[in-house]
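Notes follow the structure.
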Amino acid sequence: SMHSTRVVTGRTADGTATRYRAVRLLASLTLAGSLAGCAVGPGFRRPSAPAVASYSTTPFPERTASAPGAQGGAQRLLEQVNVDAQWWRALGVPALDTLIAQAFQASPTLVAAEATLRQAQEVSSAQAGSTRYPVADAAASGQRQRFNPGALGQAGEPREFTLLNASVGVRYKLDLAGGNRRALEALAARADYRRFQLDGARLTLAANVASTAIAQSRLTAQVEGMEAILRDEDEQLALSRERVRLGAASPDEVLSRQLQAEQSRAGVPTQRKLQQQNEHLLAVLAGRAPGADGMPRFALEEFTLPSDLPLVVPSELVRRRPDIQAAEALLHAANAEYGVAVSKLYPQLNLSASLGSQALGSGALFGSGSAVWLLLGQLTQPLLNPGLPAEKRAALAAFEAAAANYQSVVLEALRNVADVLRALDNDAQTFAALAAADSAAQGALESVQRQYALGAASYVQVLSARQQARQVHLSLVAARAQRLIDTVALYQAVGFGGETVLTPEHCTP
């Protein structure tokens, strides 16, 4: 007996007609798939852009405050400004450009994101290959049998023989309700989600490397400044002790100076710890071990503060930021998965066919063997399955959750940009005030130094004025670095630096 239900070719007496039937069957299956109706469920439409024209009720100034010196220039926010995808080049530090390029190659975070994207793409391709087209399988089998005519009441001796089978089978699930199309649409949307996640990871990595490099330059300058202040305080302490020895001061003065010096001494290791931890972070961001050689060191004077910054309107922001695009891709996937759940309530039509040859020897299998074929169509309509409506409701709830998540991501993105824009303005004002204070402190120090040269001021007064000037300068260093970090944060907030801008395909119901 023949157990195969698969199709194939064989040169039998009616081989030509059999092959014609097989070709006609495959053509019919393909045509039926192409003529299947549009997928059930609502077609996906991109969410509308936010109905707001600005990020804050208070207008932003045309340009920020400015002050003389490095990183002190005014910055303008422009809607029409050419921004290089590698925006970090605007900071003017070639070593930073090289480090970010190395991070893109070596960062485990990006390697994992790229692999996850490839996985999603291959899963989508695999599902598409198995649902869009008929599936054909070849089969061959052989069995040894013993036949006894006496079992049928016939005379004769028992005989043994080998029965060979060869066949090819084709099966296809006709996508009447479009469930397969919706499933593929969902997989493609999830692949887009992984792509946008990769873009977001790349943008975040570039911003983190740039911000950490700026922080390294700030911490290095602050450690050097704190050590200089400590040297001045130790010198003041030594002078106080000498004054006590000469009877020109009381021991309380020494205790007061010692307290101040030891407090400053305790602050230096704390600041140095932050500096060293920052160096470790920068190495890991670049995909290296913290103790690896060849890591660059950055100085605050190397960085250039960009004068023209991009101001992306909210309607463009939602089409540019990777996290918003990723949330939209998840919304698209949820919409398609709802369509899959709806399609299960409709009739399902499965088609299959087989053609094979049966013979007692391998030579006759593709020659004079007997051909057998089978055509099967199965239509199934769910009648009583309480789980299907529940599955539909669950898919609808998942879509509503994805819509709410999208709205939340958009609102957080708008807040993020608004915060950065306010930081640019306020931190520029802080810098201008500290720059004026630094200029005043330097002027006071020069005045005391001139008085000291004329004998009208003591050396202790010179040390006190120098210490005050250095304290103000430390604050100015922090303000300079903060303006650079705010600039990096703006580029990240408006989504520059990603490489993918996709327009999701829409399915019209």
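The values are calculated or read from the model by the stated rules, or taken from the named source; none is laboratory data. Treat the numbers as computed from the prediction; the structure is a model and nothing was measured. When we count neighbours, we look across all protein chains shown, and the Cβ atoms used for this are built from the backbone with ideal geometry, even at glycine. All accessible areas refer to the heavy atoms of the entire protein, side chains included, with ligands and DNA or RNA removed. Shrake-Rupley method; radii C 1.70, N 1.55, O 1.52, S 1.80 Å.
Below are the figures for this structure:
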read-out: Qualifying residue in the stretch 262-269 (condition: outside any helix (DSSP H, G or I) and out of contact with any Ser or Thr (no Cβ under 9 Å at 6 or more places or on another chain)); value: no
read-out: Test: residue in the stretch 103-126 that is of a type in the set (Phe, Trp, Tyr) and closer than 30 Å to Leu184 by Cα; value: no
read-out: Subset of the stretch 316-342 (residues that are of a type in the set (Val, Ile, Thr) and either more than 14 Å from Arg46 (Cα to Cα) or assigned to a loop (DSSP other than H, G, I, E, B) (or both)); value: Val340, Val342
read-out: Lone unmet requirement of (1) more than 26 Å from Leu351 (Cα to Cα); (2) surrounded by 15 or more Cβ atoms within 10 Å (Cβ to Cβ) for Arg159; value: (2)
read-out: Evaluation of Arg202 against (1) within 30 Å of Ala398 (Cα to Cα); (2) open to solvent by 50 Å² or more (accessible area, probe 1.4 Å); (3) basic (Lys, Arg) (one fails), failing number; value: (2)
read-out: Subset of the stretch 48-69 [open to solvent by 50 Å² or more (accessible area, probe 1.4 Å) and among the small types (Gly, Ala, Ser)]; value: Ser48, Ala51, Ala53, Ser54, Ser66, Gly69
read-out: The stretch 273-311, residues that are in a helix (DSSP H, G or I), more than 23 Å from Ala201 (Cα to Cα) and open to solvent by less than 70 Å² (accessible area, probe 1.4 Å); value: Gln275, Leu300
read-out: Odd one out for Ala228 among (1) under 30 Å from Val93 (Cβ atoms); (2) within 40 Å of the chain's Cα centre (by Cα); (3) not polar (S, T, N, Q); value: (2)
read-out: Matching residues in the stretch 241-272 - criterion: being of a type in the set (Lys, Arg) and either closer than 30 Å to Gln216 by Cα or exposed (fewer than 12 other Cβ atoms within 10 Å of the Cβ) (or both); value: Arg245, Arg265, Arg272
read-out: Residue in the stretch 408-429 that is surrounded by 18 or more Cβ atoms within 10 Å (Cβ to Cβ), hydroxyl-bearing (Ser, Thr, Tyr) and closer than 30 Å to Glu316 by Cα present; value: no
read-out: Given (1) free of Cβ contacts under 8 Å to residues at least 40 places away in the same chain; (2) over 30 Å from Leu174 (Cβ atoms); (3) in a helix (DSSP H, G or I); (4) not charged (D, E, K, R), number of the condition Ser125 does not satisfy; value: (2)
read-out: Residues of the stretch 443-497 classified as open to solvent by 60 Å² or more (accessible area, probe 1.4 Å) and among the basic types (Lys, Arg), total; value: 2
read-out: Residue pairs meeting the criteria (Cβ under 8 Å; at least 6 apart or on separate chains; first hydroxyl-bearing (Ser, Thr, Tyr) and in a strand (DSSP E or B), in the stretch 137-149; second open to solvent by 50 Å² or more (accessible area, probe 1.4 Å) and modelled with pLDDT under 75); value: Ser141/His3
read-out: Tally of residues being surrounded by 22 or more Cβ atoms within 10 Å (Cβ to Cβ), over 25 Å from the mean Cα position of the chain (by Cα) and of a type outside the set (D, E, K, R) across the stretch 171-190; value: 5
read-out: The listed residue being polar (S, T, N, Q), assigned to a helix (DSSP H, G or I) and more than 24 Å from Arg46 (Cα to Cα), out of Asn426, Asn405; value: Asn426
read-out: Single condition Arg320 does not satisfy, out of (1) crowded, with 19+ Cβ neighbours inside 10 Å; (2) closer than 23 Å to Val52 by Cα; (3) not polar (S, T, N, Q); value: (1)
